[in-house]
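K.L.:
First, the structure itself, so that you have it in front of you.
What follows is calculated from the coordinates using simple rules that are stated; it is not laboratory data. Since the model is a prediction, treat every value here as computed from it, not as a measurement. Ideal geometry is used to build each Cβ from the backbone, glycine not excepted, and the neighbour counts take in all protein chains shown.
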Amino acid sequence: RSRREPNSERSFYERLFNEEAPRLEHLDLLKLIRGGEDSYLELKVRLTNNEKIISEIVALANSGGGAIIFGVNDNRYVEGLDDAEQVEDDLKEICRTQITPPVWPYIDKVAFDNGKRVIVLDIDEKRAPHYAFDHRYYIREGSSIREAKADEVTKLFARLKPTNYESIPLFNTTIENIDEAFVWSYIRDLQGELFNKNSNYPTGQVIRDMQLGIDYSDTVIPTVAGILLFGHSNQVGKLFSRSSIELQRISGENLTAPVVEKIVSTGNLATLFERAQGFIGRYVDLWDSINIRKSKLSADPVAARSNYNRSVIIEALTNALVHRDYCVRQQPIKVNIYDSRIEIINPCIAQTLSRKGLESYGVVTANNPRLKAVFKSSAYGLKTVLGGIPTLRQLAYRSSGREPKINIIQEEFRIELFGC
């Protein structure tokens, strides 16, 4: 069945009233009923226990979709409904107000020749994962339902929202792992004079409203983006090991040359950003001006430190941190400082990137749109650069006379910046 998902309550009701939705033939419906309950079908004699109905709708939506037929008893006998219209209205209300995100089902009223009527509630998984009014996630196993375990909820997010890894909840974390001072500093700077000092919102509520956490039972669980952005920096490495950056200074022009210094830094993104800038600043000169090219004296026995435009380095580090594919487990972000160039290697899924689109047009589908929006906000407290890769290329060329080299290979995005 082809469906156009409604994006608002109004469009949902417009579809209900105006669209000629496919209807079940009587024979097909009877075959379903005779087959009995299974992973995709639930039979209900009537709509009575709303809480149980809500959990069953959520479980079906989280388990691939299915249908609930009202007006059929456990012995697969069609008893019919006394007031099918009222049942339909009640189901609409339940799906709209008691489940998050709302479920937009097809509701078919079927009348048999003997005058008995049933309702078929047809549910899909397009907007999953869903949770019930009690902030619990349910799944279906055969003809029974149960509350999903923490790791199963994580798998639901990974399976049903594969391009949005930043939104996966980290069940090894709690709201106590969030740096409250950092969160409220961000909110205060973001709102400026409109900030209400007496608002007194719980930090968990703020993290949830920013979609950096999910409701789970009676608490809020931070997501990958929530921990990366606002986690206590000294805890983030243990909670989410992929939040790391490997920095090394190499005395030469390739990886076979001696390593002068190598460190692996962990922490939230603000910490990684500042530590990476500090490490780079120990070995190169960073300039705010783009007029930094100079002539080199070949007779000088000691090579001078390379010069780089500061904005180029800032944008390259920003790109690595906000566009890193955090579902790639093993590789950290790597920054290699050679004598005359800096190489930044970022784990990514290469199939989703176009080099031409990136270089020439700045066109890229952000892996982590929510994370990027917060990180690049001035309220987050970091100096970033607007314009993305096209701006980086222009500034680098003006300052060094050489265009950055960009390569996308397997699961790596590499950018080489040349000093002068």
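K.L.:
To the nearest 10 degrees, how steep is helix 84-97 against the longest Cα principal axis of the chain, on a 0 to 90 scale?
P.N.:
The answer is roughly 20 degrees.
K.L.:
Under the Kirkwood approximation for Rh and a Cα-based Rg, what ratio Rg/Rh is obtained for the range 166-239? The partial results should precede the final answer.
P.N.:
Details: Rg = 12.1 Å, Rh = 12.5 Å.
Answer for the range 166-239: 0.97.
K.L.:
Within a Cβ distance under 10 Å of GLU261, other residues only, what is the Lys/Arg minus Asp/Glu net charge?
P.N.:
Result for the local shell: +3.
K.L.:
So if each residue of separation counts as 0.36 nm, and I subtract the Cα-Cα distance between ALA257 and ASN73, what length gain in nm does that give? Mind dumping the intermediate values first?
P.N.:
Numbers: separation 184, 0.36 × 184 = 66.24 nm, distance 7.66 nm.
Length difference between fully extended and current span is 58.6 nm.
K.L.:
Provide the gained length on full extension for the span LEU386 to GLU152, in nm with one decimal, where the gain is 0.36 nm per separating residue minus the Cα-Cα distance. Intermediate results must be reported in sequence, preceding the final value.
P.N.:
Numbers: separation 234, 0.36 × 234 = 84.24 nm, distance 3.89 nm.
Using 0.36 nm per residue and subtracting the Cα-Cα distance, I get 80.4 nm.
K.L.:
With axes computed from alpha carbons, what is the tilt in degrees of helix 180-191 against the longest principal axis of the chain, rounded to the nearest 10 within 0 to 90?
P.N.:
The two axes meet at around 90 degrees.
K.L.:
Taking every Cα atom in the range 150-295, find the radius of gyration and the maximum pairwise distance Dmax, and write them in Å.
P.N.:
Answer for the range 150-295, Rg first and Dmax second: 19.6, 65 Å.
K.L.:
Could I ask something else about it? Please compute the modelled spin-label separation between THR48 and GLU176, points set 7 Å along Cα→Cβ, answer in nm with one decimal.
P.N.:
Placing both labels 7 Å beyond Cα along the Cβ direction yields 4.4 nm.
K.L.:
A further question follows. Mind pulling the angle between the C-alpha long axis of helix 388-400 and the longest principal axis of the chain? Nearest 10 degrees, somewhere in 0 to 90.
P.N.:
Orientation of helix 388-400: about 0 degrees from the principal axis.
K.L.:
Let me ask something else. For the chain, what D do you get in µm² per second when you plug the Kirkwood radius from alpha-carbon pairs into Stokes-Einstein at 37 °C and 0.692 mPa s? If you can, show how the numbers build up before the last one.
P.N.:
Working: Rh = 25.0 Å.
The Stokes-Einstein estimate is 131 µm²/s.
K.L.:
Need the full-extension length gain, ARG127 to THR219, defined as separation in residues times 0.36 nm minus the C-alpha distance. One decimal, nm.
P.N.:
Numbers: separation 92, 0.36 × 92 = 33.12 nm, distance 2.23 nm.
Full extension from ARG127 to THR219 adds 30.9 nm.
K.L.:
How many nm separate the modelled label positions at GLU246 and ARG282, each set 7 Å beyond the Cα in the direction of the Cβ?
P.N.:
Between GLU246 and ARG282, the simple spin-label model gives 1.8 nm.
K.L.:
Additional query: Cross-link candidates for LYS155: which lysines have Cα within less than 26 Å, leaving aside residues fewer than 8 places away along the same chain?
P.N.:
Answer for LYS155, where 26 Å is the Cα cut-off: LYS52, LYS126, LYS238, LYS372, listed by chain and number.
K.L.:
Label points 7 Å out from Cα along the Cβ direction at TRP184 and ILE409: separation in nm?
P.N.:
Rounded to a tenth, the inter-label distance reads 4.9 nm.
K.L.:
A further question follows. Rank the residues VAL118, VAL284 as a footprinting-exposure proxy: fewest other Cβ atoms within 10 Å of their Cβ go first. If you can, show how the numbers build up before the last one.
P.N.:
On the way: VAL118 24, VAL284 19.
Result, fewest neighbours first: VAL284, VAL118.
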